[in-house]
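Data first, discussion second: the structure below is written as structure tokens.
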There are 2 protein chains.
Amino acid sequence: MERLNPIDVPAIDEDAAQAASERQESLAKPPGSLGRLEALAVKIAGMQADSQPSIDPATIVTAVADHGVADAGVSAYPSAVTGGMLTAFLEGGAAVNAIAAANGVETIVCDFGVTDGPAAVGPERYDQAVIDCRIRDRPDGRVGTDNLAAGPAMSREEAIDAIERGRSVVRTYLPDVRCVGLGEMGIANSTAAAAITAVMTDRPVSEVTGRGTGVDDDAYAHKRSLIADAIEARNPDPADPIDVLRCVGGFEIAGLAGVTIEAAARRVPVVVDGFIAGAAALLAVAIDDRIRSYLLASHASVEPGHTVQLASLGLEPLFDHGMRLGEGTGAALAIGTYRSACRAHGEMATIDDVLNR
Amino acid sequence: MERLNPIDVPAIDEDAAQAASERQESLAKPPGSLGRLEALAVKIAGMQADSQPSIDPATIVTAVADHGVADAGVSAYPSAVTGGMLTAFLEGGAAVNAIAAANGVETIVCDFGVTDGPAAVGPERYDQAVIDCRIRDRPDGRVGTDNLAAGPAMSREEAIDAIERGRSVVRTYLPDVRCVGLGEMGIANSTAAAAITAVMTDRPVSEVTGRGTGVDDDAYAHKRSLIADAIEARNPDPADPIDVLRCVGGFEIAGLAGVTIEAAARRVPVVVDGFIAGAAALLAVAIDDRIRSYLLASHASVEPGHTVQLASLGLEPLFDHGMRLGEGTGAALAIGTYRSACRAHGEMATIDDVLNR
């Protein structure tokens, strides 16, 4: 595959947004008293082309992959944790399972390249429990990216393949979903996300690189210089998001860019999670700027580059709980707020009903 | 009744909080990566004396009452709207109904003095649908407070009676609840709340008085001078919260103070809503400072005095959506976040589980 399949993203439906805005003014409350919830309902109405929007059913897509750069000492955890967490997602023991359940959100788990994925999950149940989105099939069995410190993370064809698999996940598994949340897990993926963010926003590596899972000062300094060196050596072209993925990307990040593209094409709002999901959103918007209109913020992450991403995407976070876990945890929490906005919008009586009894 | 029934509020269970804190450290995530959600779960564990706390079942108590000061032109709406909203609460057409439902929270509605309550609701269904907490039974049928601009809002006995009815609501209707949210409605009640806040926090009226439902500049200036005049004329004693209620209170505010007292006595966390609920929380804490430990913040209201209240209560809001509706809408949203914190705490696998497969 040499290029992405055609992308068609509809414009926001201004008539639906206008009708929603008029409805807001008629509801049984002082005008403006639900604050940002009012604007959010109107915004989602425009996305869904429905003056009474709904975010249900909502699903978090948690994309998981190994990163070759994990071998370079940029994370507090070994790469094998990625396989362990893949199993935790399936057994309901990860944070995103609990927080999604608490917020009435489904979760699906996509393996974009976890070397010990089938072994960790159990080969006999792997196909039932995991959506197999693995890009690589290599003799040595390592299906994650190559070490971006030593060379390109992936080939151009692999980057395109990963995006297309993400698009396919939405088409195949989420045909009726009305809201998608982006989630991810992959030891060392904040290194890839920082590199992507630095390139796509043209900001210094030092400004957009954080401690990820929580590395110490030495590893943090190493992480920053490694990213800066990789960008200098590979010189990815910010005008070509596929090239950025090729040089410094991750398979799950490419996959989430694909999920974002396909959701937007279907008028499905996409709730961005933290720093790694934010990198995927930056790429999706660079691939097609019309996608920007279908993005919704969740939280403000501790990762410093997340602020830069949100500014670039024109998104304002709903809350800041000092979270930095990923998995889709922030998106799941935020979907609770979006549901509240949509249900208040759809279910409230009008002020005329109340005054004219 | 000359004084409140005895109040016994247990101390926070430090052992349960410690056990919860240790559990947090063991969970399958980088330490601290769920940010504030971790501390919130530990805090609720201490309140509930349970190292694996839960906020379910959770109920919003929406207390409703008329205010005599509504006659003085301090609100954008006539007092009759209060009865209309009482009906809306019962029919599920108010914002709090939709937002509570979106967040898995029950609602109950308490009439602390709505003159046309039974008429608005329909006399035949009033007793089934509303918890009758009316304090007054007057020949003229007006069961709200007196105009605080012209004299005391209520008698000392009435203030005590309203608090005790609030306590009774929790005992009688919510014996098994694990989280209570404070909600209210009553045209002109932001005037009473501002007066209470000014007295209890010793801050200028101008600093703690906002536009409520959205009055224009002239009415806003009138509202501030009316409150300042009432405080000067009645000179309520901030060391005597019953006296503050007598001079400038509201029946639903007193009732919510009672709900707060009884919930704390039962180790039930109380989620404070906006500005009017905040005034009730200030009074409850002044009645018994041990209650402070059982309060949880929700949002940051547009009302300027809400910031002053939260600082006085030692609470940090979870989010700021520019809301100013009351009813318990902010509390309902926040309960979704508290549920997420508790469920992640209770349901996640440990890091040992993930690493030692």
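The values are calculated or read from the model by the stated rules, or taken from the named source; none is laboratory data. The shown structure was predicted, so the numbers you read here are calculated from the model rather than taken from an experiment. Don't worry about glycine lacking a Cβ; one is built from the backbone with ideal geometry, like all the others, and counts go over all protein chains shown. Heavy atoms of the whole protein, side chains included, go into the accessibility calculation; ligands, DNA and RNA do not. Shrake-Rupley method; radii C 1.70, N 1.55, O 1.52, S 1.80 Å.
The table below gives the values:
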item: Condition met for B:Ala334 (more than 14 Å from chain A (Cβ to nearest Cβ) and open to solvent by less than 10 Å² (accessible area, probe 1.4 Å)); result: no
item: Which numbered condition A:Leu310 misses (of (1) over 22 Å from A:Ile7 (Cα atoms); (2) open to solvent by less than 20 Å² (accessible area, probe 1.4 Å); (3) in contact (Cβ under 8 Å) with a residue 40 or more places away in the chain); result: (3)
item: Selection within segment A:273-296 - of a type in the set (D, E, K, R) and surrounded by 24 or more Cβ atoms within 10 Å (Cβ to Cβ); result: A:Asp273
item: Residue count, segment A:260-296 (criterion: of a type in the set (Phe, Trp, Tyr) and farther than 19 Å from A:Ala58 by Cβ); result: 1
item: Residue match in segment B:297-305 (condition: open to solvent by 10 Å² or more (accessible area, probe 1.4 Å), of a type in the set (A, V, I, L, M, F, W, C), farther than 16 Å from B:Arg178 by Cα and in contact with a Gly (Cβ under 8 Å, 6 or more places away or on another chain)); result: yes
item: Residue satisfying all of: in segment A:33-55; within 13 Å of chain B (Cβ to nearest Cβ) and open to solvent by 30 Å² or more (accessible area, probe 1.4 Å); farthest from the chain's Cα centre (by Cα) among these; result: A:Gln52
item: Of all residues in segment A:196-224 being touching a Leu at 6+ places or on another chain (Cβ under 7 Å) and of a type in the set (A, V, I, L, M), the one that is most open to solvent (accessible area, probe 1.4 Å); result: A:Met200
item: Considering residues of segment B:56-81 that are hydroxyl-bearing (Ser, Thr, Tyr) and at pLDDT 95 or above only, the residue surrounded by the most Cβ atoms within 10 Å (Cβ to Cβ); result: B:Thr62
item: Residue pairs meeting the criteria (Cβ under 9 Å; at least 6 apart or on separate chains; first charged (D, E, K, R), in segment B:79-94; second part of a helix (DSSP H, G or I) and buried (at least 21 other Cβ atoms within 10 Å of the Cβ)); result: B:Glu91/B:Asn97
item: Filter result for the condition that a residue is in contact with a Ser or Thr (Cβ under 6 Å, 6 or more places away or on another chain), more than 14 Å from every other protein chain (Cβ to nearest Cβ), touching a residue at least 24 places away in the same chain (Cβ under 8 Å) and within 20 Å of B:Ala254 (Cα to Cα), over B:Met154, B:Met200; result: B:Met154
item: Residue tally, condition open to solvent by 20 Å² or more (accessible area, probe 1.4 Å) and either more than 7 Å from chain A (Cβ to nearest Cβ) or not in a helix (DSSP H, G or I) (or both), over segment B:337-357; result: 6
item: Subset of segment A:82-117 that is open to solvent by 10 Å² or more (accessible area, probe 1.4 Å) and charged (D, E, K, R) - its residue that is nearest to A:Ser298 (Cα to Cα); result: A:Glu106
item: Output for segment A:204-252, where each listed residue is more than 30 Å from A:Glu164 (Cα to Cα) and hydroxyl-bearing (Ser, Thr, Tyr); result: A:Ser206, A:Tyr220, A:Ser225
item: Single unsatisfied condition, B:Ala120 versus (1) open to solvent by 40 Å² or more (accessible area, probe 1.4 Å); (2) in a helix (DSSP H, G or I); result: (1)
item: Qualifying residue in segment B:124-131 (condition: surrounded by fewer than 24 Cβ atoms within 10 Å (Cβ to Cβ), in contact with a Phe, Trp or Tyr (Cβ under 7 Å, 6 or more places away or on another chain) and touching a residue at least 60 places away in the same chain (Cβ under 8 Å)); result: no
item: Subset of segment A:211-221 (residues that are more than 26 Å from the chain's Cα centre (by Cα) and not hydrophobic (A, V, I, L, M, F, W, C)); result: A:Asp216, A:Asp217, A:Asp218
item: Test set (1) farther than 16 Å from A:Asn103 by Cα; (2) open to solvent by less than 20 Å² (accessible area, probe 1.4 Å); (3) acidic (Asp, Glu) - A:Asp320 fails condition number; result: (2)
item: Only one of A:Leu283, A:Leu325 that is within 24 Å of A:Ala65 (Cβ to Cβ), facing chain B (nearest Cβ under 7 Å) and modelled with pLDDT of 95 or more; result: A:Leu325
item: Criterion: part of a helix (DSSP H, G or I), on the phi < 0 side of the Ramachandran plot, within 14 Å of chain A (Cβ to nearest Cβ) and within 16 Å of the chain's Cα centre (by Cα) - qualifying residue of B:Val96, B:Val81; result: B:Val96
item: Checking B:Ala17 against (1) open to solvent by less than 10 Å² (accessible area, probe 1.4 Å); (2) without any contact (Cβ under 8 Å) to a residue 40 or more places away in the chain, the condition it does not meet; result: (1)
item: Filter result (out of contact with any helix residue (DSSP H, G or I) (no Cβ under 8 Å at 6 or more places or on another chain) and in a helix (DSSP H, G or I)) within segment B:37-69; result: B:Ala39, B:Gly68
item: Test set (1) part of a helix (DSSP H, G or I); (2) under 14 Å from the mean Cα position of the chain (by Cα) - B:Leu315 fails condition number; result: (1)
item: Close pairs (6 angstrom Cβ cut-off, 6 or more residues apart or separate chains): farther than 13 Å from A:Arg178 by Cα in segment A:255-275, in a loop (DSSP other than H, G, I, E, B) and open to solvent by 10 Å² or more (accessible area, probe 1.4 Å) anywhere; result: A:Ile261/A:Ile7; A:Gly274/A:Ser301; A:Gly274/A:Gly326; A:Phe275/A:Ser301; A:Phe275/A:Glu303
item: The lone exception for B:Ser298 - which of (1) in contact (Cβ under 8 Å) with a residue 60 or more places away in the chain; (2) of a type in the set (Gly, Ala, Ser); (3) at the interface with chain A (Cβ under 10 Å from one of its Cβ atoms) it fails; result: (3)
item: From the options A:Pro10, A:Pro30, residue that is touching a residue at least 60 places away in the same chain (Cβ under 8 Å) and surrounded by fewer than 21 Cβ atoms within 10 Å (Cβ to Cβ); result: A:Pro10
item: Cβ-Cβ under 8 Å pairs, at least 6 apart or on other chains, segment B:225-238 side exposed (fewer than 15 other Cβ atoms within 10 Å of the Cβ), far side in a helix (DSSP H, G or I); result: B:Asn235/B:Cys247; B:Asp237/B:Asp243; B:Asp237/B:Val244
item: Filtered residues of segment A:127-169 (kept if among the small types (Gly, Ala, Ser) and either assigned to a loop (DSSP other than H, G, I, E, B) or at pLDDT 95 or above (or both)); result: A:Gly141, A:Gly144, A:Ala149, A:Ala150, A:Gly151, A:Ala153, A:Ser155, A:Ala159, A:Ala162, A:Gly166, A:Ser168
